[in-house]
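Beneath this line is the structure, given in structure tokens, with notes to follow.
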Amino acid sequence: PTIRCPGCGDSFRCKEWRRWAGSSMFDKYIENAKHLLALRCIACDETHSLLSPDFEREDRAKLKALVLSKLPSTEAKRHLLDACSEFGSAQISAEEFVHRVSSDIVLDQRLLAQLM
């Protein structure tokens, strides 16, 4: 994800920001992200995180295709892609992202398990 500069409003990739933040600040950032992206499954009552490791480009493309193939409609796919784009460019918060995609997208249990 990107981080928005409070001064100028520009966005920086996490990898760029990390160099200047220091390891303790970056660790705190990651810890906060884990908490914000934690979900409790209503079926199994286990906690999972939407925070993903840094996948290679090919792996991300495969995962994207898998998730999109499970969505019920073109509208749901567009909604997810728009939310991902806005979150990736720091236009919406993590909470807003989860709210938008959880309001109309239901993933089946096997796909959710693969993503976690």
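A few notes on this one:
- Pairs where the first residue, in region 4-18, is under 19 Å from Ser85 (Cβ atoms) and the second is open to solvent by 80 Å² or more (accessible area, probe 1.4 Å) and assigned to a strand (DSSP E or B), C-beta under 7 Å, 6+ apart: Ser11/Arg4
- Summed over region 19-48, residues that are among the small types (Gly, Ala, Ser), closer than 20 Å to Gly88 by Cβ and in contact (Cβ under 8 Å) with a residue 60 or more places away in the chain total 1.
- Residue that is nearest to Asn32 (Cα to Cα), among those in region 86-103 that are without any contact (Cβ under 8 Å) to a residue 24 or more places away in the chain and among the acidic types (Asp, Glu): Glu96
- In this entry, Leu51 is excluded by the filter for residues that are in contact with a helix residue (DSSP H, G or I) (Cβ under 7 Å, 6 or more places away or on another chain), at pLDDT 80 or above, open to solvent by less than 100 Å² (accessible area, probe 1.4 Å) and closer than 20 Å to Ile92 by Cα.
- Given (1) open to solvent by 70 Å² or more (accessible area, probe 1.4 Å); (2) at pLDDT below 80; (3) within 21 Å of Thr2 (Cα to Cα), index of the condition Gln114 fails: (3)
- Residue count for region 63-72, restricted to those that are more than 16 Å from the chain's Cα centre (by Cα) and either closer than 16 Å to Arg100 by Cα or open to solvent by 100 Å² or more (accessible area, probe 1.4 Å) (or both): 2
- Enumeration of residues in region 1-30 that are exposed (fewer than 10 other Cβ atoms within 10 Å of the Cβ) and part of a helix (DSSP H, G or I): Lys15, Arg19, Trp20, Ser23, Ser24
- Subset of region 37-46 [within 17 Å of His99 (Cα to Cα) and surrounded by fewer than 15 Cβ atoms within 10 Å (Cβ to Cβ)]: Ala38, Leu39, Arg40, Cys41, Ile42
- Output for region 73-94, where each listed residue is loosely packed, with under 13 Cβ neighbours inside 10 Å and modelled with pLDDT under 85: Ser73, Ser89
The values are calculated or read from the model by the stated rules, or taken from the named source; none is laboratory data. This one's a predicted model, so the numbers in the text were calculated from it and none came from an experiment. Here Cβ is always computed from backbone atoms with ideal geometry, including for glycine, and neighbour counts include all displayed protein chains. Just the protein is used for accessible areas: all its heavy atoms, side chains included, with ligands, DNA and RNA removed. Shrake-Rupley method; radii C 1.70, N 1.55, O 1.52, S 1.80 Å.
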